[in-house]
Structure formats: structure tokens, C-alpha cells
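First comes the structure, then the notes that go with it.
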Amino acid sequence: MEIFDPAELWGRERIENVQLSRLKSIVTHARNCGFYRERLDQAGIRADNLRSLDDIRHIPFTVKQDLRAQYPAGLLCVPSSKIVRMHCSSGTTGTPVAVCHTQNDVNAWADLMARCLHMVGVRREDAFQNMSGYGLFTGGLGIHFGAERLGCMTIPAGAGNTRRQIKLIKDFRVTVAHILPSYALILGEHLRSAGEDPRDLPLRIAVVGAEPYTEEFRKRIEEIFGIKAYNSYGLSEMNGPGVGFECPEQHGLHIWEDAYIAEIVEPETGVPVPEGEVGELVMTSLCREGMPILRYRTRDLTRFLPGECPCGRAHRRIDRILGRADDMFIIKGVNVYPMQIEEVIMTFPEVGQNYLILLENDGVGDMMRVQVEVRDEYFVEDMRMLQNLQKAIARRLRAEILLTPKVELMESNSLPRAEGKAVRVRDLRGNR
Ligand code: AMP
Ligand code: ZN
């Protein structure tokens, strides 16, 4: 097997030994900021009383609110003159979360990202188009430097402007693209409605991530473009992309355990879940100089996949992110995740590229409306077919979530599109 970094092939013992020694170093280094010095002292944690990896459980969690409270530079563990870059996490209102990197940090991040891309077969001969927003968002520069590090001709196309994206792909014979799942379908639909076949593009691989999507959604992307789509996971607090990535097996995302420690805990209690069960992912950065973050509660829900990956890498795999703990909504006493809805509706070939879940209250009780775009070729069909489709979607949703939502079929491109990550749910229950 061709590898980018020898650490990819380390066995469990080596990985765990390195993790423990790096954990000790990072705990010592983290004491360079007042926040962690105080936290670690209160919990009585010093490097020399971390005897096994399990001892990580005695380190207090770090939550988003801590990072907000320390904005902008409270968590710096090096003199500010050593910082070369900062990024912010997306989608947060109010005080942002800022993460600052040294030159070593950005180099190590680019190496991890290059390792991910190399794992799925990206090589220096590829032309790589990054369709993610640049700026503070880590999907821009984070992916960019990884692709450059591999030696790809890297096009910083940025987000949006579909016509230009397509022109660049054609003109520069782009073979690999980084794209948001929601935008991939929009791009495909744009080509189709212009009478072109998306399969005629030179693309062969898409790196798809930054927001949750289902296996069904991936299959659609692969089918529309005739490519392989690999799931890419990361979060700004842990650098950004490059944290977890699918290998050619496309079954779970390997977490690079020489750079991170991943744990999965029960969201309410913070106690580790039994191996293989779903819980909240908690991440520790093992190598970061500028701003190490210990035991960060990601709010992302997943599970460790049991067993060894046939690809031969011993770095553990997580399942695709099932949703964020914050995305769950409760309607009529039932807990629902948007991905449960997506999983159902995307199995209908008539369904187009976009959908929206509306939660409302009519004064009597809560209601859920699911607006679903229908592909053009079906929308012109007869009324009866559309009514049957509507009923079939409602029935299948009921079987999944035990509630019957109101399903509304919409024309293609009629639902609002987010600039960046897709907004799948609008809760209007407070706006009565
Ligand atoms: P940001 O704050 O911009 O760094 O966004 C990080 C968040 O995006 C993560 O905590 C996840 O909720 C989400 N995310 C990133 N990649 C994926 C992915 N491949 N699947 C699902 N969610 C993702
Ligand atoms: Zn693998």
C-alpha cells in the first residue's frame, strides 16, 4: 500500500504509546495558559500522574462556552508573536470561537490533510478545485494547503458562482473537487438543466464534508457525477478538515490517532459509552502548539466502528456523523434528527436536491412540515402521480419517526439555499 506518512501504518500498540507520551506533553504545554493551568490544578492533573490513556478521563472537558469566554487569545500557549494564522468556527452567533496556529501547527495540519487526500488516491498529477468558502472558514485554506502539499494544482474557486465552477472544472481538467454535499447536488442539477451530463466532466473524486449527510445522499452524488465521494470530517477547534477521513473502503472515517485522542461519551453524563454505541465525540489535539484543546465536547454524535479496517490502517474509525446533539428537535414528545428525515426522502428518485423541515405551532399543537423539491421531469407529470408520491413520503416518514408530517412537494430551485452549510430545519414555534 502506498502511504503518505509512516504513521498511517502504525499498529495499535505504537499508536497508543505515542498517544500517551503526547498527551503528557500536551498537558504540560497547556499549562502555559491561565485557563488550563487553573483547570488542571483544580483537577489535580499533572503529566506524571497520567499513567495510562484511560486517565484522560480525569481531565475536565472543554466546551464551546469556554472557548467563547477565552476569546480572542485567552487560550494561547505560545507568545503571540509565534502565531501565524487564525480561523473561526462557522455558524455561531455572538462571540465567535477563534483558533490560533503557529507555523508548526499549520504545517502539521497541511500534512494531515495531505495524508487524507493521498489515502483516497489523490496525487500530484491531479487538479484540485476547492469549492468551499475561504476566509475564516477552515474548509478553504485548510483543504487548500493539504492539496498543495501533495503537489496538486490547487484552484481556490471558493463557494458559489456555479457557472464559473463548471468552467474552471472543464478548462483546467479538474479531477478532484472539495464540495459541500448540498452544493454538489445543486451543481449536478445546474448541468442537467443546461442539457449536459455531469458524468462528462473530468472529475473522478469528490471530497465531501463540513455538514451532515446520509449514505443515500453520497450515493446520489456518486451517481450523478460518476465519481467516488469520500466523507471528510473536521472542526475548527481541532484545526478543521483533516481530523477524520474515509479510506477507499468508504466504511467509516479514520481518526488520525497520532494527532488526536477521540472519545465517545454519553451526552448527558459525560461518561464513556460502551464500545460501539452512539454518543458525543470528544476530541483532544495532541500536537498543537498555539492553542491546544483538551477533551473538547464536539456535540457531534457518532460511534466507533468495531473491528479492523480491511485497508490495514489501525487508526480507529468513527461512523459518519449522525447529527449534532444541538440539531435534535422535539416534536409532540418525539426526538427527531434531521438526518432521519433526509435518509427517508433521499430514497425517492423523484426527490430533487433540496428540502426543508419547518416546525410550527398553530395554537393547538406543534406541527411538522417537510418541503421537498421534486425533479423537473417528474413535476410535470400528472396530479395523481404527485399525490401518490406525497402520500408515500409521508407514510415512510411516519414509519421512521412515528409522526405523520405534512409533506409539500415543491418545484426545483424553489427552496431557499444557504450560502455556506445547508440549513435543514426552521423552528418557527417561538414566532407565534
Ligand atoms: P466548524 O465550526 O465550521 O469548524 O464546523 C465543524 C462542524 O461541522 C462539526 O462539528 C460538525 O458538526 C460539522 N461537520 C464537519 N464535517 C462533517 C461531516 N463530514 N459530516 C457531518 N458533519 C460535519
Ligand atoms: Zn480503512
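The values are calculated or read from the model by the stated rules, or taken from the named source; none is laboratory data. Computed from a prediction, not measured in an experiment: that's the story for all the values here. With ideal geometry, Cβ positions are generated from the backbone for all residues, glycine too; neighbour counts draw on all protein chains shown. Accessible surface areas use protein heavy atoms only, side chains included; no ligands, DNA or RNA. Shrake-Rupley method; radii C 1.70, N 1.55, O 1.52, S 1.80 Å.
I need the full set of residues from the stretch 306-328 which are within 16 Å of ligand 1 (Cβ to nearest atom) and in contact (Cβ under 8 Å) with a residue 40 or more places away in the chain, in order please.
Correct list: 317, 318, 319, 320, 321, 322, 323, 324, 325, 327.
Write out, first by first residue and then by second, each pair whose Cβ atoms fall under 7 Å of each other, whose residues are 6+ apart or on separate chains, and whose first residue, in the stretch 121-142, is surrounded by fewer than 21 Cβ atoms within 10 Å (Cβ to Cβ) while the second is at pLDDT below 95.
133/159; 133/420; 136/88
For the stretch 129-245, which helices (runs of 4 or more DSSP H) that fit wholly inside it have 1 or more residues that are farther than 30 Å from residue 374 by Cβ?
138-150, 162-171
For the stretch 1-41, give me each residue that is farther than 19 Å from residue 53 by Cα, under 25 Å from the mean Cα position of the chain (by Cα) and not β-branched (Val, Ile, Thr).
4, 5, 8, 9, listed by residue number.
Being touching a helix residue (DSSP H, G or I) at 6+ places or on another chain (Cβ under 8 Å), surrounded by 21 or more Cβ atoms within 10 Å (Cβ to Cβ) and of a type in the set (Ser, Thr, Tyr): is that true of residue 302 here?
Criteria not met by residue 302.
If you scan the stretch 283-327, which residues turn out to be more than 24 Å from residue 268 (Cβ to Cβ) and under 15 Å from the mean Cα position of the chain (by Cα)?
Result: 317, single match.
Each row is one residue, and each column tells you yes or no for (1) open to solvent by 30 Å² or more (accessible area, probe 1.4 Å); (2) out of contact with any Lys or Arg (no Cβ under 9 Å at 6 or more places or on another chain).
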{"site": "277", "(1), (2)": "yes, no"}
{"site": "282", "(1), (2)": "no, no"}
{"site": "290", "(1), (2)": "no, no"}
{"site": "295", "(1), (2)": "no, no"}
{"site": "298", "(1), (2)": "no, no"}
{"site": "312", "(1), (2)": "yes, yes"}
{"site": "328", "(1), (2)": "yes, yes"}
{"site": "333", "(1), (2)": "yes, yes"}
{"site": "336", "(1), (2)": "no, yes"}
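Could you check how many residues of the stretch 376-404 are in contact (Cβ under 8 Å) with a residue 40 or more places away in the chain and within 18 Å of residue 329 (Cβ to Cβ)?
Residues meeting the conditions: 5.
If residue 218 satisfies every condition in (1) crowded, with 22+ Cβ neighbours inside 10 Å; (2) touching a strand residue (DSSP E or B) at 6+ places or on another chain (Cβ under 6 Å); (3) within 22 Å of residue 110 (Cα to Cα) but one, which is the exception?
Of (1) crowded, with 22+ Cβ neighbours inside 10 Å; (2) touching a strand residue (DSSP E or B) at 6+ places or on another chain (Cβ under 6 Å); (3) within 22 Å of residue 110 (Cα to Cα), only one is false for residue 218: (3).
Out of all the residues in the stretch 49-72, which are among the aliphatic types (A, V, I, L, M) and open to solvent by 50 Å² or more (accessible area, probe 1.4 Å)?
Matches in the stretch 49-72: 63, 69.
If the requirement is being under 30 Å from residue 367 (Cβ atoms), touching a helix residue (DSSP H, G or I) at 6+ places or on another chain (Cβ under 9 Å) and more than 16 Å from ligand 2 (Cβ to nearest atom), which of these qualifies: 261, 321, 293, 330?
Selected residue: 321, the only one of 261, 321, 293, 330 that is under 30 Å from residue 367 (Cβ atoms), touching a helix residue (DSSP H, G or I) at 6+ places or on another chain (Cβ under 9 Å) and more than 16 Å from ligand 2 (Cβ to nearest atom).
Can you report the number of residues in the stretch 251-266 which are within 16 Å of ligand 1 (Cβ to nearest atom) and surrounded by fewer than 17 Cβ atoms within 10 Å (Cβ to Cβ)?
1
Given the residues 289, 268, which is the only one that is out of contact with any Asp or Glu (no Cβ under 6 Å at 6 or more places or on another chain) and either of a type outside the set (S, T, N, Q) or closer than 25 Å to residue 178 by Cα (or both)?
Checking each option against the conditions leaves just 268.
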